[in-house]
1. Using a 7 Å offset from Cα along Cα-Cβ at S37, what residues in segment 72-92 end up with backbone N under 11 Å from the label point?
2. Mind listing the phi-derived Karplus ³J(HN,Hα) values for segment 45-56, rounded to whole Hz, using 6.51, -1.76 and 1.60 with θ = phi - 60°, and x for any glycine or proline?
3. Distances over 24 Å make up what percent of all Cα-Cα pairs in the chain?
4. Could you work out the helix-only [θ] at 222 nm for the chain, with each DSSP H run of four or more residues adding -39,500 (n - 2.57) and the total divided by the number of residues, to the nearest 500 deg cm²/dmol?
Amino acid sequence: MFTGREQVLEFLSVFQTAFSAGTLSIISSVESGDDASVEGLFDGVHDGPLRSPSGTVEATGKSVSFRWSATYHIDGNTLLSEHLYFDQLDFLTQLGLAGE
């Protein structure tokens, strides 16, 4: 979970650096009051350093494609939190960083 705009933007910057031409496509979304749930697809080529809790992973040149889901809570125009879900093992496997 990322709380507040700054944490969400920091996480997104990690992906923007590692996948400079990566694209997020929205498949579906549901909104209710100050909450929203979104399902999407991420596609990109790992062409930059990927910062991780285990250290930096240099560019592999490999393509990745994975589905993701996120829930958001806002207050007016202010993002309060994001809960992001995706299959991290699938992601790491596509990068060649985990066994198949």
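Laboratory data are not the source of any read-out in this text; all were calculated from the coordinates shown. All values reported here derive from a predicted model rather than from experimental measurement. Here the Cβ is made from the backbone with ideal geometry for all residues, glycine too, and neighbour counts use every protein chain on show.
1. Only 72 pass the distance filter.
2. Result, ordered by residue: 10, 6, 10, x, x, 10, 6, 9, x, 8, x, 8 Hz.
3. When all Cα pairs of the chain are counted, 25 percent exceed 24 Å.
4. Result for the chain: -6500 deg cm²/dmol, rounded to the nearest 500.
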